[in-house]
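These notes concern the structure reproduced below.
The values are calculated or read from the model by the stated rules, or taken from the named source; none is laboratory data. These numbers come from a predicted model, not from an experiment. All Cβ positions, glycine included, derive from the backbone under ideal geometry; neighbour counts span all protein chains shown. Quick note on the areas: whole protein, heavy atoms, side chains included, nothing else; ligands and nucleic acids left out. Shrake-Rupley method; radii C 1.70, N 1.55, O 1.52, S 1.80 Å.
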Amino acid sequence: QVQVMESGGGLVQTGGSLRLSCVVSRNIFTTDAMSWYRQTPEKQRELVARIYASGTTIYPDSAKGRFTISRDNAKNTAYLQMNSLTTEDTAVYYCQARVQRTRGGMYQEYWGQGTQVTVSS
């Protein structure tokens, strides 16, 4: 079973920073894209950042200039550095990993359980 585990959420004041981590279990062949999404009770889950194995990154306008995604392929880990946080960033943040479990196998997406980020005013 592939496991995806997020950590690093918490409570921070407006203008503060947080760094989220996402670790994918090592019983896999390779990981392609790793992505961060967020969701609130009022909104659908939305993409926050994505990084491919090549290092190419994608950000929506809401994250550009404030959030930075990175990865350590040797550790099967992705990070999300979030700066200049506002109350609008309050959400549960989920990590998604696109994984190939065996060489030549199909790619599948796996989700973590989420980590709460709360930004207070």
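Before moving on, here are some points about what is shown:
- Selection from Ser35, Gly104, Gly65 lying farthest towards where the dipole of the chain points positive, charges on Cβ: Gly104
- About its Cα centre, the chain has a charge dipole of approximately 380 debye under the convention of +1 per Lys or Arg Cβ and -1 per Asp or Glu Cβ, with nothing else charged.
- Quarter of the Cα convex hull surface for region 2-121, i.e. its orientation-mean projected area (nm²): 7.1
- For a label point 7 Å along the Cα-to-beta-carbon line of Ile58, residues of region 90-114 with backbone N under 16 Å: 95-99, 108-110
- The listed residues Phe29, Phe67 rank as Phe29, Phe67 when sorted by accessible area, largest first, using a 1.4 Å probe.
- Where region 1-107 is the region considered: accessible area per residue in Å², 1.4 Å probe: 54
- Per residue, the average separation of C-alpha pairs within less than 8 Å and at least 6 apart gives the chain a relative contact order of 36 percent.
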